[in-house]
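Just so it is clear, none of the values below were taken in a lab; they were calculated from the coordinates. If you're wondering where the values come from, they're calculated on a predicted model, not measured in any experiment. Reconstructed Cβ throughout: ideal geometry from the backbone, glycine too, with neighbour counts over all protein chains shown.
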Amino acid sequence: MAKEKNTRLSFPNKKALHDYFILDKYEAGIELMGSEVKAIRAGRVNLRDSFVRIIKGEVFLLNMHISHLDTAHSTYRPDEGRDRKLLLHKKEIAKLYQKVTKEGITIVPLKLYFNDNNKIKVEIATAQGKKLYDKRESLKESDLKRESLSALKDFFKN
């Protein structure tokens, strides 16, 4: 019996799926400070405009916003939009760097979640940007899929 991932506390980045073609996915740990873990558990995280950069051989998640918790001590508050280091193996970083140096390839976070060991992980992916007509096409496909599912639901309801 295969073990399922604990994704009940998962924060997806829907905008990334809309704006990019996903090529390869990676799982990375994330370096957090203070009460940020509690804030993530409370759902005070936003991945919408975040992106990943490789700086001096290290991988950083930029523009991810983790709001402060009201219950946390007021004297120690890490910056909400600070750069957070991602934890990957050197070989994975080298692969990512090799892919990103190609034109049009970028690294985006897809979701933030707690794994089976209750550790926070970030699913990142190499991605290629969609053109406007690609975005329109994917919207049409999702609309058709939604309409067909509702039509089937109505058909079997009667």
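Scanning the range 99-121 for residues that are of a type in the set (D, E, K, R) and surrounded by fewer than 12 Cβ atoms within 10 Å (Cβ to Cβ) yields LYS102, GLU103, ASP116, LYS119. Got a sec? Which of TYR133, TYR76 is touching a Ser or Thr at 6+ places or on another chain (Cβ under 9 Å), of a type in the set (Phe, Trp, Tyr) and not in a strand (DSSP E or B)? The match here is TYR76. Kindly indicate whether GLU31 is surrounded by fewer than 17 Cβ atoms within 10 Å (Cβ to Cβ) and either free of Cβ contacts under 8 Å to residues at least 24 places away in the same chain or within 29 Å of ALA72 (Cα to Cα) (or both). Yes: the conditions hold for GLU31. Would it be correct to say that PHE60 is in contact (Cβ under 8 Å) with a residue 24 or more places away in the chain, among the aromatic types (Phe, Trp, Tyr), in contact with a strand residue (DSSP E or B) (Cβ under 8 Å, 6 or more places away or on another chain) and under 25 Å from LYS135 (Cα atoms)? So PHE60 does not fit the description; no.
Between ILE93, ILE124, the distinction of being surrounded by 14 or more Cβ atoms within 10 Å (Cβ to Cβ) and part of a strand (DSSP E or B) belongs to ILE124 only.
Restricting attention to the range 47-80, the residues that are surrounded by fewer than 17 Cβ atoms within 10 Å (Cβ to Cβ) and among the β-branched types (Val, Ile, Thr) add up to 3.
When LYS99, LYS85, LYS90, LYS95 are screened for being farther than 16 Å from PHE11 by Cα and either under 13 Å from the mean Cα position of the chain (by Cα) or in contact (Cβ under 8 Å) with a residue 60 or more places away in the chain (or both), only LYS99 passes.
Selection within the range 102-144: residues that are β-branched (Val, Ile, Thr) and in contact (Cβ under 8 Å) with a residue 60 or more places away in the chain. The member of this set that is nearest to LEU32 (Cα to Cα) is ILE120.
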